1. Once every DSSP H run of n ≥ 4 in the chain is given -39500 (n - 2.57) and the sum is divided by its residues, what mean residue ellipticity at 222 nm do you get, rounded to the nearest 500 deg cm²/dmol?
2. Can you pull the percent of the chain's accessible area that's carbon plus sulfur, 1.4 Å probe, other chains left in place?
3. Residue separation times 0.36 nm, minus the C-alpha to C-alpha distance between Met37 and Tyr147: what's the value?
4. Find how much the distance from Ser138 to Ser107 grows on full extension, using 0.36 nm per residue of separation minus their present alpha carbon separation; answer in nm with one decimal.
5. For the range 63-78, in order, what is each residue's ³J(HN,Hα) by Karplus, 6.51 cos²θ - 1.76 cosθ + 1.60 with θ = phi - 60°, in whole Hz (x at glycine and Pro)?
6. Rounded to the nearest 20 Debye, what is the dipole magnitude of the chain about its Cα centre when Lys and Arg each give +1 and Asp and Glu each give -1 at the C-beta?
7. What figure in square angstrom, to the nearest 10, would you give for the accessible area of Tyr105 with a 1.4 Å probe?
8. Can you give the % of DSSP beta bridges in the range 20-137 that are antiparallel, to the nearest 5?
Amino acid sequence: MERTFVMFKPDCLERGLVGRILTRFEEKGLRLVAMKMLRVTPALAKQHYAEHVEKPFYAGLEEFITASPVVATIFEGPEVVRVVREMLGATSGLKAAAGTIRGDYSSSRQMNLVHASDSPESAAREIGIYFKADEIQSWDPSLACWYQAPGEA
Ligand code: CMP
C-alpha cells in the first residue's frame, strides 16, 4: 500500500474548497491516514520546495504558501501517488484538463489549490517534513472490501 503527501494550499482554504476537494479523494476510495492544519513558515517552504528555491517563481511561491494556513494530509492506496497527481491535473489550472481538480477549480499556475507528491520518494521526504510517525494512523475502514477486490490493494 503506497502513501502520498497532499497539501491543501492557502488559496484552497481562502476559497473554502477544502471540504469539496477532500470529498473527491474520499469518494475515490483513498484512505485518509493523517491530517493537520498549520501555517507554512518561510523556512518550511524552503525545505519543502528545495528543488524550486533557485527558480524565478520561488519568491512568489513562498509569499503565497505562507500567506494563510494550509491543511496537510496523507492518503494511502494502491498507486496513490499517480492516482492523486492524475486527479489534480496539470500544474497550471489553465492547462489542466476539465474534470480534474485544477481543471475544474483553478485558473492559475501558482494558485493551483493542492500540492501532491510526484513520486514515492518525494512522498516519503514530504511526509517526513510535515508529520511525526505517531501522527499517522494505520487503519482498515470497514468498507475497504467494497472498494477493491481481494488481492488488489
Ligand atoms: P506544486 O505542485 O505545489 O509544486 C511547486 C509549486 O510552484 C506549484 O505547485 C505551483 O504552486 C508553483 N509553480 C510552479 N510553476 C510555477 C510558475 N511557472 N509560476 C508560478 N508558480 C509556479
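1. -10000 deg cm²/dmol
2. Roughly 53 percent of what the probe reaches on the chain is carbon or sulfur.
3. Residue separation times 0.36 nm, minus the Cα-Cα distance, leaves 36.8 nm.
4. Gain on stretching Ser138 to Ser107: 7.6 nm.
5. Listing the rounded values in order: 4, 5, 6, 9, 6, 8, x, 10, 10, 9, 9, 10, 10, 10, x, x Hz.
6. 380
7. Result for Tyr105: roughly 60 Å² accessible.
8. If I count the DSSP bridges inside the range 20-137, around 90 percent turn out antiparallel.
The values are calculated or read from the model by the stated rules, or taken from the named source; none is laboratory data. Note that the structure is predicted; figures quoted are calculated from it, not measured. Because the Cβ atoms are built from the backbone with ideal geometry, glycine has one as well, and the counts that use them run over all protein chains shown. Surface areas here come from the heavy atoms of the whole protein model, side chains and all, with no ligands, DNA or RNA. Shrake-Rupley method; radii C 1.70, N 1.55, O 1.52, S 1.80 Å.
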